[in-house]
Amino acid sequence: MSDSDFRPVNFLPARVVTEHRADGTLVLRSPEPLQPYARCLGEHLRYWANESPTQAFLGQRQGESWRTLTYAETLKRVQALATALLKRNLSAERPLAILSENSIEHGLLALAAMHIGVPFVPVSAAYSLLSHDYQKLRAVFRLLTPGLVLVDDVERFAPALAALRDFDFELVTVRNGKEAQNTAFAALLEHEDAAAVATAFAALTPDTIAKFLLTSGSTGEPKAVINTQRMLCSNQQTLRQAWPFLQEEPPVLVDWLPWNHTAGGNNNFGVALVNGGTFYLDEGKPAPNLIEKTVRNLREIAPTLYYNVPRGYEVLLPFLENDERLRTNFFSRLKVIQYSGAALPAHLWERLERVSVLATGKRVRMTSGWGATETAPQVTLVHFTPLRASVIGLPTPGNVLKMVPTTVAGKYELRVNGPNVTPGYWRRPDLTAAAFDEEGFYKIGDAARLADPANHAQGIEFAGRIAEEFKLSSGTWVHTGALRVKAIAALAPVAQDIVIAGPDRDDIRFLIFPSPLGCRGLCPETNETIPLTSVLADERVRERVRAGLAQLKAEGGGSSTYATGALFLLEPASIDAGEITDKGYLNQRAVLERRADLVARLYDEPLPDDVIALKE
């Protein structure tokens, strides 16, 4: 495949410098030096408000049309909101907490807080709207002790607010608030003290805390990752150098990824702000009755780059394949399709390429990257044609990647250093100390392989989470990350996600979170009125699982590379139980522990009827 097969896009050439150490450790870095970056994100807002004052920055659907704010209008509102925040004596000890989903008000208040050095914490709306016990929400408030809290709609958040009644904070509301009990968001816009705001803005340094981002890890207990202005600004600069096309024309994003997550709130929001682009808030999601909203938005707004998780592409693809108007608009000026969170299964990659060629006659570049909440997020990025979908790129300018050999030949533990790395976890010096090695590299907990050991410029490919690896009773290691990606592809289209069971067992078995759309597609005469349980019991669906299991075994590699049985999970993953994050990433260990009875069922003898066995 040659470059002429792709729509043209300006990428940094794929180059890497490798340091080889005596113990087998590799240290990778870009030969391109990181260029100077802004002191704080507010410098970009001020620049574009002066340079392109009428350029639309934020857009949110309002009925049949779009409500937009220009850069000049955004800065004006940020100045007023910053004035109001200064009067409230907020600080890192009493930060701003935002419970609401993505919205213009959310974005404005976050920008205002960062403009004057008040840290804020965007809390997953799932902790308030999907949780039943509110334990994670209360844990966040105990850890961070916020002094001001924003919710968009008091009625929607009423149960969550009731669970927080014993905490001391001022409540700011956008809709349905009661004047005697809270402050209206509009009231924060009434006055502006330009001099006071300018003084606070001038005092910011690259080490000023911009925000706290929450991560649960394997234990489910929220940790507050400190994100400094240096982290956010350096991360955007390295992205601009790896993807020079971002500076050729203002980027346009139509994006749903939640701002409480580093990908949505740091990377995607920052791409628009730093490069003078436009960010359209997509209220849709890759879920039934919500994907239609995304489709509607993409029919109207043509993005120049598009970010999503593999599940998002799986749900969007049928619309792209069957709706010419959508397909034509979506690809009309698209430069890059980025997937994150997991490798893109081969069947989704191929379908995306087909619709791209159908719409434009060319393939649109599909890329990935890798990082974490602790790295703001980007460490590596694909800015070249990857050998495989599992390739997560090369370290971009300024990022240093240490690859420490593991007990498995060719597999490395990854560690990171650079200006994008967090100084630590708020109020948890114990966790901070444990997170870094003796050279100051952050121990991210992921593993990788060189995509081509003979040519390091081909990048690295993800090889799973170190903590999720396990051994079979034979002593053979099971590499869950790589197997999960292969299994989802082999069982396509029935598996939305897969949990791998088998620690200390003789063989591997799968717990399958089904893809309702994919399973129903194998039974075309069914419709939404037929229960999913009936569809999953259909022999055509079960046979697809058997075929996938057989395919994995036929590919060879021994008992650690295939499963002998599988069981569909009827209950969705639970956020309260720590099985899943609000972005949809599975915690394999939590699923196995919470559903230990189903794991046991997988290994019952004789096998129950609902367990699908590999044909001998």
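The values are calculated or read from the model by the stated rules, or taken from the named source; none is laboratory data. From a predicted model like this one, the values you see are computed outputs, not experimental measurements. Cβ: placed from backbone, ideal geometry, glycine included. Neighbour counts: every protein chain shown.
Miscellaneous remarks
- Conditions (1) farther than 21 Å from residue 590 by Cα; (2) surrounded by fewer than 24 Cβ atoms within 10 Å (Cβ to Cβ); number of the one not met by residue 507: (1)
- Yes/no for residue 109 being outside the structural domain of residue 196 (by TED's automatic domain parsing), among the hydrophobic types (A, V, I, L, M, F, W, C) and either out of contact with any strand residue (DSSP E or B) (no Cβ under 8 Å at 6 or more places or on another chain) or closer than 23 Å to residue 227 by Cβ (or both): no
- Matching residues, the range 492-510, being aliphatic (A, V, I, L, M) and either on the phi > 0 side of the Ramachandran plot or assigned to a strand (DSSP E or B) (or both): 495, 498, 499, 500, 501, 508
- The single condition from (1) part of a helix (DSSP H, G or I); (2) out of contact with any Phe, Trp or Tyr (no Cβ under 7 Å at 6 or more places or on another chain); (3) under 26 Å from residue 594 (Cβ atoms) that residue 513 fails is (1).
- Strands (runs of 3 or more DSSP E) (entirely within the range 10-65) containing at least 1 residues that are modelled with pLDDT under 95 and over 27 Å from residue 396 (Cα atoms): 56-62
- Which listed residue, of 547, 573, 600, 554, is among the small types (Gly, Ala, Ser) and touching a strand residue (DSSP E or B) at 6+ places or on another chain (Cβ under 7 Å): 573
- Matching option when the condition is buried (at least 19 other Cβ atoms within 10 Å of the Cβ) and closer than 29 Å to residue 230 by Cα, among 148, 164: 148
- Scope the range 299-325; condition under 14 Å from residue 352 (Cβ atoms) and in a helix (DSSP H, G or I); matching residues: 310, 311, 312, 313, 314, 315, 316, 317, 318, 319, 320, 321
- Of all residues making up the range 372-398, the number that are assigned to a loop (DSSP other than H, G, I, E, B) and either more than 17 Å from the chain's Cα centre (by Cα) or under 21 Å from residue 453 (Cβ atoms) (or both): 12
- So residue 489, is it in contact (Cβ under 8 Å) with a residue 40 or more places away in the chain, touching a His at 6+ places or on another chain (Cβ under 8 Å) and outside any strand (DSSP E or B): yes
- Residue in the range 544-552 that is at pLDDT below 90 and over 31 Å from the mean Cα position of the chain (by Cα) present: no
- Test: residue in the range 151-165 that is more than 20 Å from residue 259 (Cβ to Cβ), among the charged types (D, E, K, R), in contact with a helix residue (DSSP H, G or I) (Cβ under 9 Å, 6 or more places away or on another chain) and part of a loop (DSSP other than H, G, I, E, B): no
- In the range 127-135, the count of residues that are under 25 Å from residue 205 (Cα atoms) and either of a type outside the set (Gly, Ala, Ser) or assigned to a helix (DSSP H, G or I) (or both) is zero.
- In this structure, residue 416 does satisfy being under 21 Å from the mean Cα position of the chain (by Cα), in a strand (DSSP E or B) and touching a residue at least 12 places away in the same chain (Cβ under 8 Å).
- Options 105, 155, 101; residue that is among the charged types (D, E, K, R), in contact (Cβ under 8 Å) with a residue 24 or more places away in the chain and farther than 21 Å from residue 84 by Cα: 101
- Contacts under 7 angstrom Cβ, first residue in the range 363-374 being in the same structural domain as residue 414 (by TED's automatic domain parsing) and within 18 Å of residue 443 (Cα to Cα), partner of a type outside the set (D, E, K, R) and not in a strand (DSSP E or B), 6 or more apart: 369/340; 369/382; 371/377; 373/262; 374/421; 374/422
- Take the conditions (1) within 30 Å of residue 33 (Cα to Cα); (2) at pLDDT 95 or above; residue 406 misses just one of them, which is (2).
- Just one residue in the set 110, 195 is part of a helix (DSSP H, G or I) and without any contact (Cβ under 8 Å) to a residue 60 or more places away in the chain; that residue is 195.
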